[in-house]
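Here is the structure we will look at.
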2 protein chains.
Amino acid sequence: MVTIHDVAARAGVSSATVSRFLRGQRVRSYEAIQAAIDELGYWPSAAAQSLKSGRTNTIGVVVPDITNPYFAAVVKGMESVTRTEPYRILLANSDESSEQEDDVLADLVRRVDGIILAPATEQDETPLHVRDADVPLVFVDRDLAGGERFDAVLVDNDGGGRQAAEHLLSLGHTRVAAISGNLDTTPGRLRREGFVGTLAKAGVEVPPEYDLVGDFKEHSGYQLTLSLLSLPEPPTAVFAANNLMTLGALKALHDMRIDIPGQISLIGFDDLDTGPLLRPPLTVVDRPMFEQGVLAMRLLLRRLDPGDGGGLASRVVLDTKLIERASTAPPGGHPSPARTRKTRSR
Amino acid sequence: MVTIHDVAARAGVSSATVSRFLRGQRVRSYEAIQAAIDELGYWPSAAAQSLKSGRTNTIGVVVPDITNPYFAAVVKGMESVTRTEPYRILLANSDESSEQEDDVLADLVRRVDGIILAPATEQDETPLHVRDADVPLVFVDRDLAGGERFDAVLVDNDGGGRQAAEHLLSLGHTRVAAISGNLDTTPGRLRREGFVGTLAKAGVEVPPEYDLVGDFKEHSGYQLTLSLLSLPEPPTAVFAANNLMTLGALKALHDMRIDIPGQISLIGFDDLDTGPLLRPPLTVVDRPMFEQGVLAMRLLLRRLDPGDGGGLASRVVLDTKLIERASTAPPGGHPSPARTRKTRSR
DNA sequence: AGCGTTACTGACAACGGTTTCAGTTAGCCG
DNA sequence: CGGCTAACTGAAACCGTTGTCAGTAACGCT
């Protein structure tokens, strides 16, 4: 490895002078130094710079699953901000597991200047210890119990659940099922509460056998939908609390040859790139994804700015938006005889 | 920040002893040291360790677009390998631009022990300079002209193009269009060559107005499909050379109310999670994604293993597989009168 | 010429670990 | 109890860079 001393020796100056040249200060022998750098192919060691400065110019990002298009878009938003900055992103998957999350955080605090985290559960308080290491922490998508003093970029999950419920109510559905995500995550809990609560206020109860809890992964959406279909009286509408579970639900409905929205209406949370191209085009509650990443990274970089470090926690909450497509319709839109009779007899 | 010296002072030993304890050596006063570490909340500084050891335990990964489900899956595969290792992933997007790629590589070589790269073009030789910095380099998905001496995990793009062509030929198509990706990338060039070459051998020429070149992004698939539709004699089948352009093509065909596969058959490259759920379910040339990431990371880690560093470049080429679904059919399957007449009159 | 100012320079001490080297202590044996 | 070995220890050097400090040279001015 070629060091600053090698460059200094070749240019006939001291390493201090080379260092000054590198940092843009005026230096007498800049031609010789530049020549030496080029000839030797010198690059300053990031490790040595970090040790000296105490900064790594690295941001740790921990998400549950990078193959979830939502998180991929969020990360891309973050990346678009760091592009013009000297920062890079250290990426880790927690796989929706707080053990893995804890492991990874313990490692990250030693390596990064700040962390953006979508916590696997609301309950695990370990991430708060990150603060002990004086590493600024920003939450994205999900919050933590007791995390109010941290910056966060969230969406109005409760409102999103409400929008989904209101949409189904307006279509006249009364037998409505919910496939929620882990209830110990912010979005899992709040989307369900917004959805079920809104229905309840309108006099529509969601019985236990319709009130299912998955894990935000496609497989659970598939399985839980199958279990709904096996009920003596299946629902006429299903709300799936994220993109992957919606996909799972859609697959199950296809596999069981259920007509959507004729027999069952399906509404999801989070739009997909392929949303309009699906059979049928999906009705979803949408929210800004790329933008959430951008905002979270901006918040974190502001914390890292020595001029502007302190200050109260900024908690940004973005709005959701209903996108009506063709996967929802009034109950019994394309009646399948047996089932519709039951519906009407209620 | 609490250092090893603080721990040493509190435990009443020297920092050398603490260091030995941390590295698992036997030490007389281990209780006192462990206690001091716990009470002070000590974590070793990664920067100092890197400076001393010359290793960062970080792998740089550069992909054109993390929101492309293919690359997201590849990165997840890589991550699954590093999970059980002390390594972390530094992620960067090149956005299909070799300038951004060069910038990012110049920064990465200073920070990482090795790099996995899906180069933006075959022609830019800058990545080869990475070797100057003694940073092992593994190519994934795409290759580089003159990169034969580097490890690489690729797929048989030529064979994939051939499979697509043979499928369309077997259905009887003779007016066939190709929407290729950047021809200065390995997959862009080879998929087109495999596709067009196979057709030519069967006596089916692809005229210039059917032989289009996009940039692997959705928008180009959309635009180029529109341009095909505006021809006096549109093709009866279209091959789109990656997942995003296929989606763009599908959107364009929907927007123009073209019946698939009745009026036009569509075949893509790379399967999508939503592939079977689309209107219509897409016929695609598929390939292992997660596995490609796993293999690339394993190759790189083997290079980094001091016991097993040298050795010839390993070049892994995986096979593609045709998945027949409903977006392809014989020409004129659902004849639209005007067009089919032309087809037949040929 | 003598003085003060400005512009630049190199030696050196950090930053926080790890490793070597030269002890020192404890333990064992005769 | 003396001698020998094995087990552990601390001082110090080092990794590559940056910042401080004390100079030195060049220049302009009286």
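The values are calculated or read from the model by the stated rules, or taken from the named source; none is laboratory data. Here the structure is a predicted model, which is why all the values come from computation and not from measurement. All Cβ positions, even for glycine, are placed from backbone atoms using ideal geometry, and neighbour counts span all protein chains on display. Heads up: the accessible areas ignore ligands, DNA and RNA and are worked out on the full protein's heavy atoms, side chains in. Shrake-Rupley method; radii C 1.70, N 1.55, O 1.52, S 1.80 Å.
Here residue B:226 meets each of (1) more than 23 Å from residue B:119 (Cβ to Cβ); (2) crowded, with 24+ Cβ neighbours inside 10 Å with one exception, condition (2).
Inside the stretch A:119-164, residues that are more than 14 Å from chain B (Cβ to nearest Cβ), open to solvent by 10 Å² or more (accessible area, probe 1.4 Å) and in a helix (DSSP H, G or I) make up a count of 3.
Residues that are touching a residue at least 12 places away in the same chain (Cβ under 8 Å) and part of a helix (DSSP H, G or I) were ranked within the stretch B:165-174; the one that is farthest from the chain's Cα centre (by Cα) is B:171. Scanning the stretch B:267-281 turns up no residue that is at pLDDT 95 or above, farther than 15 Å from residue B:320 by Cβ and touching a Gly at 6+ places or on another chain (Cβ under 9 Å). Test of understanding: among B:133, B:145, B:47, which residue is among the small types (Gly, Ala, Ser) and within 19 Å of residue A:89 (Cβ to Cβ)? Of B:133, B:145, B:47, the one residue that is among the small types (Gly, Ala, Ser) and within 19 Å of residue A:89 (Cβ to Cβ) is B:47. Among the residues of the stretch A:304-311, some residue qualifies, meaning at least one is in contact with a Gly (Cβ under 6 Å, 6 or more places away or on another chain) and modelled with pLDDT under 95. Confirm whether residue B:179 is in a strand (DSSP E or B), surrounded by 23 or more Cβ atoms within 10 Å (Cβ to Cβ) and within 14 Å of chain A (Cβ to nearest Cβ). Criteria not met by residue B:179. Within the stretch B:72-102, the residues that satisfy the criterion of being more than 9 Å from chain A (Cβ to nearest Cβ) and either touching a Pro at 6+ places or on another chain (Cβ under 8 Å) or of a type in the set (Asp, Glu) (or both) are B:85, B:94, B:96, B:98, B:99, B:101, B:102. If only residues of the stretch B:4-44 that are in a loop (DSSP other than H, G, I, E, B) and under 24 Å from residue B:88 (Cβ atoms) are counted, the one that is farthest from DNA strand D (Cβ to nearest atom) is B:41. Condition check for residue A:1 on (1) at pLDDT below 95; (2) away from DNA strand D (no atom under 12 Å from the Cβ); (3) touching an Asp or Glu at 6+ places or on another chain (Cβ under 8 Å): one failure, at (2).
Within the stretch A:78-92, the residues that satisfy the criterion of being surrounded by fewer than 22 Cβ atoms within 10 Å (Cβ to Cβ) and in contact (Cβ under 8 Å) with a residue 60 or more places away in the chain are A:80, A:81, A:82, A:85.
Given the criteria in the same structural domain as residue B:116 (by TED's automatic domain parsing), in contact with a strand residue (DSSP E or B) (Cβ under 9 Å, 6 or more places away or on another chain) and more than 30 Å from residue B:177 (Cβ to Cβ), does residue B:312 qualify? Taking the combined requirement at face value, the residue does not satisfy it. Across the stretch A:67-88, a minimum of one residue is classified as more than 12 Å from DNA strand C (Cβ to nearest atom), at pLDDT 95 or above and in a strand (DSSP E or B).
Listed residues B:134, B:158, B:113, B:184; which is farther than 30 Å from residue B:233 by Cα and in contact (Cβ under 8 Å) with a residue 12 or more places away in the chain?
Just a single option satisfies the conditions, and that option is B:113.
Can we say residue B:286 is surrounded by fewer than 23 Cβ atoms within 10 Å (Cβ to Cβ) and either more than 15 Å from residue A:277 (Cα to Cα) or among the β-branched types (Val, Ile, Thr) (or both)? Judged against the criteria, residue B:286 is a match. Within the stretch A:24-50, residues that are closer than 15 Å to residue A:14 by Cβ reach partners that are loosely packed, with under 15 Cβ neighbours inside 10 Å with beta carbons closer than 8 Å, at six or more positions or on different chains, in the pairs A:29/A:12; A:32/A:12.
Here is a yes/no grid of residues against (1) of a type in the set (A, V, I, L, M); (2) surrounded by fewer than 16 Cβ atoms within 10 Å (Cβ to Cβ); (3) within 26 Å of residue A:332 (Cβ to Cβ); (4) in the same structural domain as residue A:168 (by TED's automatic domain parsing):
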{"residue": "A:187", "(1), (2), (3), (4)": "no, no, no, yes"}
{"residue": "A:191", "(1), (2), (3), (4)": "no, no, no, yes"}
{"residue": "A:198", "(1), (2), (3), (4)": "no, no, yes, yes"}
{"residue": "A:231", "(1), (2), (3), (4)": "yes, yes, yes, yes"}
{"residue": "A:239", "(1), (2), (3), (4)": "no, no, yes, yes"}
{"residue": "A:242", "(1), (2), (3), (4)": "no, no, no, yes"}
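Return the only residue of A:262, A:275, A:293 being buried (at least 23 other Cβ atoms within 10 Å of the Cβ) and of a type outside the set (D, E, K, R). On inspection, the qualifying residue turns out to be A:293. Note on the stretch A:45-66: among residues that are at the interface with chain B (Cβ under 9 Å from one of its Cβ atoms) and assigned to a strand (DSSP E or B), the one that is nearest to DNA strand D (Cβ to nearest atom) is A:58. Can you name the residue in the stretch A:266-301 that is more than 26 Å from residue A:151 (Cβ to Cβ) and of a type in the set (D, E, K, R) and, of all such residues, is farthest from the chain's Cα centre (by Cα)? In this case the residue turns out to be A:279.
Report yes if residue A:112 is within 14 Å of chain B (Cβ to nearest Cβ), assigned to a loop (DSSP other than H, G, I, E, B) and at negative phi, otherwise no. Judged against the criteria, residue A:112 is a match. Scanning the stretch B:7-60 for residues that are open to solvent by 70 Å² or more (accessible area, probe 1.4 Å), in contact with a helix residue (DSSP H, G or I) (Cβ under 7 Å, 6 or more places away or on another chain) and near DNA strand C (Cβ under 9 Å from one of its atoms) yields B:43, B:51. Could you tell me whether any residue of the stretch B:95-107 is within 17 Å of the chain's Cα centre (by Cα), assigned to a strand (DSSP E or B), crowded, with 19+ Cβ neighbours inside 10 Å and not aliphatic (A, V, I, L, M)? No, every residue in the stretch B:95-107 fails to be within 17 Å of the chain's Cα centre (by Cα), assigned to a strand (DSSP E or B), crowded, with 19+ Cβ neighbours inside 10 Å and not aliphatic (A, V, I, L, M).
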